[in-house]
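Since every read-out is calculated from the coordinates, none of them should be taken as a lab result. Since the model is a prediction, treat every value here as computed from it, not as a measurement. Using ideal geometry, Cβ is built from the backbone for each residue, glycine included, and neighbour counts are taken over all protein chains shown.
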Amino acid sequence: MEYHVTSLVLQLQPDQRDTVLQYLHSIEGAEIHAESGDGQLVITLEGDGQLPGVEALHTIPGVISVSLISHPHAALK
């Protein structure tokens, strides 16, 4: 089993911000670290590999783009 930490930047449609935040808050292991005034979020997804993929984040209404910043992982002992 592995532990994953995925860092991402999401670009949002400003009028869909609340919808995107609601969805992200429903994901166990998701954390929002920063938000810009022009609709960007810096987030991490942390967990044992049962996390949504980048492709799934693209399906959130209001998400324009998802940029993967880093994705280190380590084996759990």
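Quick check on my filter: what residues within region 12-70 are within 28 Å of M1 (Cβ to Cβ), charged (D, E, K, R) and out of contact with any strand residue (DSSP E or B) (no Cβ under 8 Å at 6 or more places or on another chain)?
E55
Determine which member of the set I60, I32, I43 is in contact with a helix residue (DSSP H, G or I) (Cβ under 9 Å, 6 or more places away or on another chain), surrounded by 12 or more Cβ atoms within 10 Å (Cβ to Cβ) and part of a loop (DSSP other than H, G, I, E, B). Steps first, answer last, please.
Values: I32 fails: part of a loop (DSSP other than H, G, I, E, B); I43 fails: part of a loop (DSSP other than H, G, I, E, B).
Step by step, each of I60, I32, I43 is checked, and only I60 is in contact with a helix residue (DSSP H, G or I) (Cβ under 9 Å, 6 or more places away or on another chain), surrounded by 12 or more Cβ atoms within 10 Å (Cβ to Cβ) and part of a loop (DSSP other than H, G, I, E, B).
Could you count how many residues in region 13-57 are in contact (Cβ under 8 Å) with a residue 40 or more places away in the chain, over 12 Å from the mean Cα position of the chain (by Cα) and more than 17 Å from H73 (Cα to Cα)?
Going through region 13-57 one residue at a time, the tally reaches 5.
Every residue in region 1-29 that is surrounded by 15 or more Cβ atoms within 10 Å (Cβ to Cβ) and assigned to a loop (DSSP other than H, G, I, E, B), please.
Result: I27, G29.
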